[in-house]
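Below is one structure, written out as structure tokens; comments come after it.
The values are calculated or read from the model by the stated rules, or taken from the named source; none is laboratory data. From a predicted model like this one, the values you see are computed outputs, not experimental measurements. Here the Cβ positions follow ideal geometry from the backbone for every residue, glycine too, while neighbour counts run over all protein chains shown.
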Amino acid sequence: MVPIEIEDVEKMIKGSFDENIFALTDAISNNNKALAGRLLEEQLSAGLADTYLLNMFIRQFKILLRIKQAIENGQTSRQMVTSLNLHPFIIQKGIGQARNFSLIFLKKILDQLVKIDFEMKTGRLDILTGLNLLLAKI
């Protein structure tokens, strides 16, 4: 039987990244590059899988794009809850974030995230480099 070392336990309990992923996507959505960069590093050092992080970025910007389109179509937040099938809290938070971006910009960000995903899957780019480049563009 192999004894359990302190390092083994620390690897298992490093940080709670579920809560912080939302702070990271909030920082990105609110155009706070410095905070987003710091939170990105924290997430990765906490052991968050870079693919999970990329998927959360994609999810967040898809939501923001859908909300922005609904805003431009004149929908109220109540109508968005039904039409977008999202929780009212997500809608309210997303409305504030979506106002920070134009529809064209959100589409470009989502396009960049899809390219990062493709380039990572084809071995041309690591996610961390791709996400840092993306943060620099925001």
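Numbers at a glance
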| item | result |
| --- | --- |
| Condition check for S45: exposed (fewer than 14 other Cβ atoms within 10 Å of the Cβ) and modelled with pLDDT under 95 | yes |
| Helices (runs of 4 or more DSSP H) wholly inside the stretch 38-138 that include at least 1 residues being more than 18 Å from A27 (Cα to Cα) and within 14 Å of the chain's Cα centre (by Cα) | 50-72, 103-121, 127-137 |
| Residues located in the stretch 80-138, provided they are of a type in the set (D, E), surrounded by 14 or more Cβ atoms within 10 Å (Cβ to Cβ) and closer than 16 Å to Q60 by Cα | D117 |
| Where a residue in the stretch 98-124 is aromatic (F, W, Y) and its partner, wherever it lies, is part of a helix (DSSP H, G or I), with Cβ under 8 Å and at least six apart | F101/S29; F101/L64; F101/K68; F101/I109 |
| Test result for I28, more than 14 Å from L135 (Cβ to Cβ) and assigned to a helix (DSSP H, G or I) | no |
